[in-house]
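The values are calculated or read from the model by the stated rules, or taken from the named source; none is laboratory data. All values derive from a computational prediction rather than experimental measurement. Glycine gets a Cβ as well: all are built from the backbone with ideal geometry, and neighbour counts include every protein chain shown. SASA here: full protein model, heavy atoms, side chains in, ligands and nucleic acids out. Shrake-Rupley method; radii C 1.70, N 1.55, O 1.52, S 1.80 Å.
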Amino acid sequence: MNHSPSEDSRIRVLIADDDQPFLESLQKLIDRQPELTVIGAAADGLEAIELADQLDPDAVVLDLHMPLLDGVSAAARLRRDHPSLCLIALTGDEEPALHRAVREAGADEVLLKTQLVEGLIERLSTLRPAN
């Protein structure tokens, strides 16, 4: 008997990062959490916006340095189009101005990739899916 939460009660997460190996490990990490499920993965900011429009996730985890559309611009657009979305920016860049810019664009949280595992799971796990 499977005791994990049903598909409907899990928090639906869209992830976006142009680093394919990192994206795959991030997806595995999130999918290992019983209350979370990855519903889509994007390789750039434009794809992240398109997938968010199609899939209507509860949360988006977004890299800040991506091709076509950077994370700050993508975050601003996602926040505008999906006001209740939990938006988490991920970056390897410790530049305070960048963190400030993405928060101003609408990110709920900015996490460094080095703090990723604990911080991300903790933050996503506090979400409650919209019913």
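Quick notes on this structure:
- Residue match in region 28-50 (condition: touching a helix residue (DSSP H, G or I) at 6+ places or on another chain (Cβ under 7 Å) and among the polar types (S, T, N, Q)): yes
- Close Cβ contacts (under 6 Å, 6 or more residues apart or on different chains) running from residues in region 28-49 that are open to solvent by 20 Å² or more (accessible area, probe 1.4 Å) to residues that are among the basic types (Lys, Arg) and part of a loop (DSSP other than H, G, I, E, B) comprise GLU35/ARG10.
- Within region 79-95, tally of residues that are part of a helix (DSSP H, G or I) and farther than 14 Å from GLU109 by Cα: 2
- Counting the residues of region 59-71 that are surrounded by 16 or more Cβ atoms within 10 Å (Cβ to Cβ) and out of contact with any strand residue (DSSP E or B) (no Cβ under 8 Å at 6 or more places or on another chain) gives 2.
- Across region 20-36, the number of residues qualifying as part of a loop (DSSP other than H, G, I, E, B) and within 16 Å of SER9 (Cβ to Cβ) comes to 3.
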